[in-house]
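> Once you've had a glance at the structure underneath, I'll fire off some questions.
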Amino acid sequence: MRVLGLETSCDDTGVAVYDTARGLMAHKLYSQSRMHAEYGGVVPELASRDHIRKLLPLVREVLTDAATTPADLDGVAYTQGPGLAGALLVGAAIGRSLAYAWGLPAVGVHHMEGHLLAPMLEPEPPELPFLALLVSGGHTLLADVARIGNYRILGESVDDAVGEAFDKTAKLLGLGYPGGPAIATAAEHGTPGRFTFPRPMTDRPGLDFSFSGLKTAALTATQGRILDAHTIGDIALAFQEAAVDTLVIKCQRALEQTAHTRLVVAGGVGANQRLRARLQQLGEQRGVRVYYPRPAFCTDNGAMIAYAGAVRLGAQQNRDDLTFGARPRWSLTELESP
Ligand code: KG4
Ligand code: ZN
């Protein structure tokens, strides 16, 4: 089965062709981050308009790269939610229309299921069941994954997502958007120990997260100080250490509770090298194997949508009718196994 995947949930236009027999055949990403950087964050209306401009040209390029014509395809998958309503509607409308014009089935994919399954595109994919840590700009959650489509949420953020905290702290430090990579780079030159930020919600039982306090701690640290490169690096380092430490503590707790021997880390913050190193260490201590997508597939991409779409289209019942819609809010727990 060969599927065209479209991702337009936020500020990245991603397109890919995945074939269940041959694997990933082509993928391309157009990032809008330069456009949004001017405003310090994603402007939803601009995001929608840019998806309209970029999506079809990208589809043409990816089909050419994959040496694939519409006649070679077996379906079209698009991100149906969660995400920005207007941005999602662009992908849904174009995806559904292409499928209709080409006489193919279409399926709306859950963006977070896409992230969660992204490690399946790697040469050594994880077997099920596993514990999943999903860390993106919109979500922070730990899920017990028994089967594809069967996601039990063990804990999630009660306020900001960890990626959002990275982005807001970066903005505060004048580091620009997207904040995650900017904080990580600034932290490389930071002096350990000059600032220490809290590890929110680690002093009580449970697997929920809270990251809004961390951003406030960073704000307090900036007050009354000249924000020179040294201070920015020191705050960035203290922030990254606190955020990573919090995620590692909760992962350790979840592994103890579930006795899983596989941990899958996905979503944009999963590209963070410090987080990867610390989770690797935790895995080695506990005899747990840690799986990641390649860094380019940690952040939003079309490949994960094409893959998740192929899984769902492969099971005949997961096909959309001719209506389509966006689901800006959509919990992973509402999904069913394909
Ligand atoms: O998964 P993603 O591309 O989009 C969402 O679904 O939200 O995640 C984007 C988030 C942003 O908040 C970005 O700052 C963060 O992932 N991010 C990082 C890194 N690369 C991206 N955070 C920390 N370190 C990174 N290297
Ligand atoms: Zn995402």
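> Being touching a helix residue (DSSP H, G or I) at 6+ places or on another chain (Cβ under 9 Å), touching a residue at least 24 places away in the same chain (Cβ under 8 Å), crowded, with 17+ Cβ neighbours inside 10 Å and not in a helix (DSSP H, G or I): is that true of V264 here? Please lay out each step first, then the result.
Details: touching a helix residue (DSSP H, G or I) at 6+ places or on another chain (Cβ under 9 Å): yes; touching a residue at least 24 places away in the same chain (Cβ under 8 Å): yes; crowded, with 17+ Cβ neighbours inside 10 Å: yes; not in a helix (DSSP H, G or I): yes.
Taking the combined requirement at face value, the residue satisfies it.
> Can you go through G155, G108 and tell me which one is of a type outside the set (S, T, Y), in contact with a strand residue (DSSP E or B) (Cβ under 7 Å, 6 or more places away or on another chain), more than 12 Å from ligand 2 (Cβ to nearest atom) and in the same structural domain as D321 (by TED's automatic domain parsing)?
On the way: G155 fails: in the same structural domain as D321 (by TED's automatic domain parsing).
Result: G108 is the single residue among G155, G108 that is of a type outside the set (S, T, Y), in contact with a strand residue (DSSP E or B) (Cβ under 7 Å, 6 or more places away or on another chain), more than 12 Å from ligand 2 (Cβ to nearest atom) and in the same structural domain as D321 (by TED's automatic domain parsing).
> From the list A143, A182, A170, A161, exactly one residue is within 16 Å of ligand 1 (Cβ to nearest atom) and in contact with a Leu (Cβ under 6 Å, 6 or more places away or on another chain). Which is it?
Checking each option against the conditions leaves just A182.
> Something else about it: Can you tell me which residues in region 13-41 are within 16 Å of ligand 2 (Cβ to nearest atom) and crowded, with 22+ Cβ neighbours inside 10 Å?
T13, G14, V15, A16, H27
> Out of Q252, Q240, report the one residue that is more than 19 Å from G190 (Cβ to Cβ), in contact (Cβ under 8 Å) with a residue 12 or more places away in the chain and assigned to a helix (DSSP H, G or I).
After ruling out the rest, the residue left standing is Q252.
> Output the residues belonging to region 314-334 that are surrounded by fewer than 18 Cβ atoms within 10 Å (Cβ to Cβ) and within 23 Å of L133 (Cβ to Cβ). Even if it seems obvious, please write down each step before you answer.
Applying the first criterion (surrounded by fewer than 18 Cβ atoms within 10 Å (Cβ to Cβ)) to region 314-334 yields 314-317, 319, 321-323, 325, 328-329, 331, 333-334.
Result: R329, S331, T333, E334.
> In region 300-315, how many residues are outside any helix (DSSP H, G or I) and small (G, A, S)?
Looking only at that region, the number is 1.
> Among the residues in region 50-59, are any under 19 Å from the mean Cα position of the chain (by Cα) and at pLDDT 95 or above?
The answer is yes; a qualifying residue exists.
> What number goes with the only condition from (1) farther than 17 Å from V288 by Cβ; (2) in a helix (DSSP H, G or I); (3) in contact (Cβ under 8 Å) with a residue 24 or more places away in the chain that T216 does not pass?
Failed condition: (3).
> Next up: So which of A229, A243, A236, A217 is aliphatic (A, V, I, L, M), outside the structural domain of L84 (by TED's automatic domain parsing), closer than 22 Å to D160 by Cα and away from ligand 1 (no atom under 16 Å from the Cβ)?
Working: A229 fails: closer than 22 Å to D160 by Cα; A243 fails: away from ligand 1 (no atom under 16 Å from the Cβ); A236 fails: away from ligand 1 (no atom under 16 Å from the Cβ).
One residue alone meets the criteria, A217.
> Given the criterion modelled with pLDDT of 95 or more, under 15 Å from the mean Cα position of the chain (by Cα) and not aromatic (F, W, Y), identify the matching residue among L255, L275, L282.
Checking each option against the conditions leaves just L275.
> Residues A66, A77, A118, A93: which one is farther than 24 Å from R294 by Cβ and among the small types (G, A, S)?
Answer to the check: A93.
The values are calculated or read from the model by the stated rules, or taken from the named source; none is laboratory data. Note that the coordinates shown come from a computational prediction; the quantities given were computed from them, not determined experimentally. All Cβ positions, even for glycine, are placed from backbone atoms using ideal geometry, and neighbour counts span all protein chains on display.
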